[in-house]
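J.: Sharing a structure below in structure tokens format, with a few things to ask.
What follows is calculated from the coordinates using simple rules that are stated; it is not laboratory data. None of the values given here were measured: they were computed from a predicted structure. Glycine also receives a Cβ, built like all others from the backbone with ideal geometry; neighbour counts cover every protein chain displayed.
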2 protein chains.
Amino acid sequence: MARDTKAAILDVAQDLIQTRGANAISYRHISERVQIRKASLHYHFPTKAHLLEAVLARYCGTFLCLVDDILGSNEPAARKLRRYIGLFDAALRAEAGAKICLCGMLGAELASLESPAVAQIQRFYRQNAERVARILEAGRETGDLRFAGEAKSLGLLLFSLLEGAMLVARADGGSKRFRRVAEQFLLLVRP
Amino acid sequence: MARDTKAAILDVAQDLIQTRGANAISYRHISERVQIRKASLHYHFPTKAHLLEAVLARYCGTFLCLVDDILGSNEPAARKLRRYIGLFDAALRAEAGAKICLCGMLGAELASLESPAVAQIQRFYRQNAERVARILEAGRETGDLRFAGEAKSLGLLLFSLLEGAMLVARADGGSKRFRRVAEQFLLLVRP
DNA sequence: GTCTATAGCGCGATAGAC
DNA sequence: GTCTATCGCGCTATAGAC
């Protein structure tokens, strides 16, 4: 069915972009993994820009839903942060091979992307930083966390840290090193 | 002179890679900025891999020297950290256009690079994390800084944070937002 | 050292049969 | 929806004149 093929293409494209980057993959790479010919991909996604936008939209939507699940739960702030960190760690641990956040990868490639994609990436960054800030602020109010400064700054800090730590840990140390850095962050904000 | 041409090529290539990424640039892009024909570039750097390795080697060497200058100075730890942060901020502030750390960009593109480059990037990460850890440990001993956990973990944390914050801030907020995140980090480790 | 010219390839995208 | 075939382009790299 069309819908399955479309989803399969998105799956493979997303995986390849998270691993190698949008500028390092081609319709041929995708067609070799989805059982379909290169030209047929254009039926589902006329141009590479269309495909990229679809991958981005799906990823951002799914990811933000997972984050909102965490926000809506009744858990201590430290537990929420660990679950949030786990969302990123999952990509590093992927059995298919270490990946980084889709929007981290595309953030690096930002200057070679078209503006709708750039706007989506900016929105992803803002939404994440803002949600992390909410967890932090709530944790500070309950006394579950302690830190100086504004929750908004610290939210952006943690989000930036996770994006950077994925990048660095993928090159050296993997998920284990990533989790070590994340735990070190938690040490800094525990009372 | 040959040496000037070579250096000019390296300058332009480095700038383009920090802005757009190694996978998004070509010999043509470089030749348009250096006053030389596309084919002539191959005289200085036979292949793209050679060029990339030369850019990397020069960047890592220069950057580590600047870091070691900071380490060797007689300043309080917080001041050393601010100077270290300034090394990254300089790329974001570049008048030619916002850039990220060369090794941050290449870390994203890691899966599409050849192994000598990968090894150089890993080394850059380790050397930076280790030097930051030394600043942090010394600062803790003098009472200039206060933090829980191991200096080694926190060194990797700060380095990862700066790489991630460059990426995120380039997309949204620029140098100003980057410095805000860096100052928030300092708040967390001040006594 | 730098040039012009070009080989050879992979790419994104389209046309048209089925 | 998927196929085969192909166009036209930009790329890395090389050959050979100057």
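J.: How long are the three semi-axes of the equivalent ellipsoid of the range B:83-191, in whole Å, if each is the root of 5 times an eigenvalue of the C-alpha gyration tensor, listed from largest down? Don't skip to the answer; put the middle values down first.
T.: Values: eigenvalues 123, 74, 20 Å².
Whole-Å semi-axes of the equivalent ellipsoid: 25, 19, 10.
J.: While we're here: Could you tally the net charge around B:ALA129, taking each other residue with its Cβ under 13 Å from the Cβ of B:ALA129, Lys/Arg +1 and Asp/Glu -1? Before the final figure, lay out each step's value.
T.: Working: positive: A:ARG177, A:ARG180, B:ARG123, B:ARG126, B:ARG131, B:ARG134, B:LYS152; negative: A:ASP172, B:GLU130, B:GLU137, B:GLU150, B:GLU163.
Cβ neighbours under 13 Å give a net charge of +2.
J.: Using every Cα-Cα pair within the range A:1-102, state what percent have a distance larger than 17 Å.
T.: Values: 2924 of 5151 pairs.
Roughly 57 percent, once rounded to a whole number.
J.: Return the single residue from A:TYR125, A:TYR27, A:TYR59 with maximal mean-square fluctuation; model: Gaussian network over chain A, springs between Cα atoms under 10 Å.
T.: A:TYR27
J.: Using the alpha-carbon centroid of each, what span in Å lies between the range B:1-64 and the range A:153-184?
T.: 31
J.: Could you give, in nm with one decimal, how far A:ARG134 is from each other copy of that position, shortest first, with labels 7 Å out from Cα toward Cβ?
T.: In ascending order, 4.4 nm.
J.: With an 8 Å cut-off on Cα pairs and a minimum separation of 6 or more residues, tell me the relative contact order of the range A:4-142 in percent.
T.: Working: 92 pairs, mean separation 42.2, N = 139.
About 30 percent, as a whole number.
J.: Under 16 Å from the 7 Å Cα→Cβ point of A:ALA119, by amide nitrogen: which residues of the range B:169-191?
T.: B:172
J.: Further question on the same structure: Can you give the three extents of the C-alpha atoms in the range A:128-191 along their principal axes, from longest to shortest, in whole Å?
T.: Taking max minus min along each principal axis of the Cα atoms, the range A:128-191 gives 37, 21, 15 Å.
J.: Still on this structure: Using the 7 Å Cα-to-Cβ label point, sort the distances from B:LEU64 to its equivalents in the other copies shortest first and give them in nm to one decimal.
T.: Here the equivalent label points are 4.3 nm apart from this one.
J.: Distances from A:ARG3 to the same position in the other copies: list them in nm, one decimal, shortest first, using label points 7 Å from Cα along Cα→Cβ.
T.: Sorted ascending, the copy-to-copy spacings read 6.8 nm.
J.: As a footprinting exposure proxy, order B:VAL34, A:VAL55, A:VAL12 by other Cβ within 10 Å, with the fewest listed first.
T.: Working: B:VAL34 17, A:VAL55 25, A:VAL12 20.
Ordered by Cβ neighbours within 10 Å, fewest first: B:VAL34, A:VAL12, A:VAL55.
J.: A further question on this structure: So what is log10(I(q)/I(0)) for the protein assembly as shown at q = 0.11, 0.12 1/Å, when the Debye sum runs over its Cα atoms only?
T.: -0.78, -0.93
J.: Alpha carbon centre of the range B:78-105 versus the range A:79-100: separation in Å?
T.: Each part's Cα centre sits 27 Å from the other's.
J.: Where the Cα atoms of chain A are projected onto their three principal axes, how long is each span, largest first, in whole Å?
T.: The principal-axis extents, from largest down, are 58, 33, 30 Å.
J.: Provide, for the protein assembly as shown, the number of lysine pairs with alpha carbons under 23 Å apart, each pair being eight or more places apart or on different chains.
T.: Lysine pairs, 8 or more places apart or on different chains, close enough: 21.
J.: Further, regarding this structure: I want to make sure I understand the PRE zone here: with the label point 7 angstrom from the Cα of B:LEU64 toward its beta carbon, which residues in the range B:105-130 have backbone N atoms less than 15 Å away?
T.: B:117-130
J.: Could you please point out the chain B residue with its Cβ nearest to the axis of the rotation taking chain B onto chain A, and the distance in whole angstrom?
T.: Taking the axis that maps B onto A, the answer comes out as B:GLY164, 1.
J.: While we're looking at this one, here's another question. How big is D, in µm² s⁻¹, for the range A:4-61 by Stokes-Einstein at 20 °C and 1.002 mPa s if Rh is the Kirkwood radius over C-alpha pairs? All intermediate terms of the calculation are to be shown ahead of the outcome.
T.: Working: Rh = 11.1 Å.
It diffuses with D of about 193 µm²/s by this estimate.
J.: To continue, here is another question. Once the Cα atoms of helix B:115-142 and of chain B are each reduced to a long axis, what angle between those two axes, in degrees from 0 to 90 to the nearest 10, is obtained?
T.: It works out to around 20 degrees.
J.: Helix-only mean residue ellipticity at 222 nm, chain A, DSSP H runs n ≥ 4 weighted -39,500 (n - 2.57), per residue, nearest 500. What is it?
T.: Working: 9 runs with 144 residues, N = 191.
Value at 222 nm, helices only, nearest 500: -25000 deg cm²/dmol.
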